[in-house]
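Report on one structure; see the data block that follows.
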Amino acid sequence: METVSKKVGGPADHLANERTFLAWVRTGIALMGFGFVIVKFALFIRQISSMLDKQITSSGKGYSAIIGVIMVALGAVMIILSYIRYTKIEAQLNNNQYYPSRWLAAIVTISLLIGAILLILYLVPNI
């Protein structure tokens, strides 16, 4: 009687790798969308200010456009890194090897933490 063992690079593993890649891409797109909204909100405030012919007084320094552009850039970098990770894991699966890595998750976590700190620093003076 033969024992059946799962081959490391089977179709389920390749499909799981693809689903993971697509999840990272969706996260990158969400970051880019969030950054776009931040930038557009800053432009909206400037337009309202000029339309009312007043300066909207705020203790904020107008960093929202910069923060938004950084968020868009982080999303784009995340998509590039996720593709690199996808191709690396695909090659490992084809060679019947798999070495887990947490570097992409660490980079995303640190990036989001930095973005959250920047947003908090921007929003706290306006309270």
Kirkwood hydrodynamic radius (C-alpha pairs) into Stokes-Einstein, the range 11-126, 37 °C and 0.692 mPa s, D in µm²/s: 201
Once phi for every residue in the range 105-113 is put through the Karplus expression 6.51 cos²θ - 1.76 cosθ + 1.60 (θ = phi - 60°), the whole-Hz ³J(HN,Hα) values, with Gly and Pro written as x, are 5, 5, 5, 5, 4, 5, 4, 5, 5
Quotient of Cα radius of gyration and Kirkwood radius for the range 66-126, i.e. Rg/Rh, equals 1.18
Note down the nm distance, to one decimal, between modelled labels 7 Å out along Cα→Cβ at Ile80 and at Ile48. 3.5
Tell me the net charge near Pro100. Cut-off is 14 Å between Cβ atoms, Pro100 excluded, with +1 for each Lys or Arg and -1 for each Asp or Glu. +2
Taking every other residue with Cβ under 14 Å from the Cβ of Leu22 and scoring Lys and Arg +1, Asp and Glu -1, one gets +1
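Rule-based calculations on the coordinates, nothing more; no lab input. Note that this is a predicted model, so its numbers are computed, not measured. Cβ: placed from backbone, ideal geometry, glycine included. Neighbour counts: every protein chain shown.
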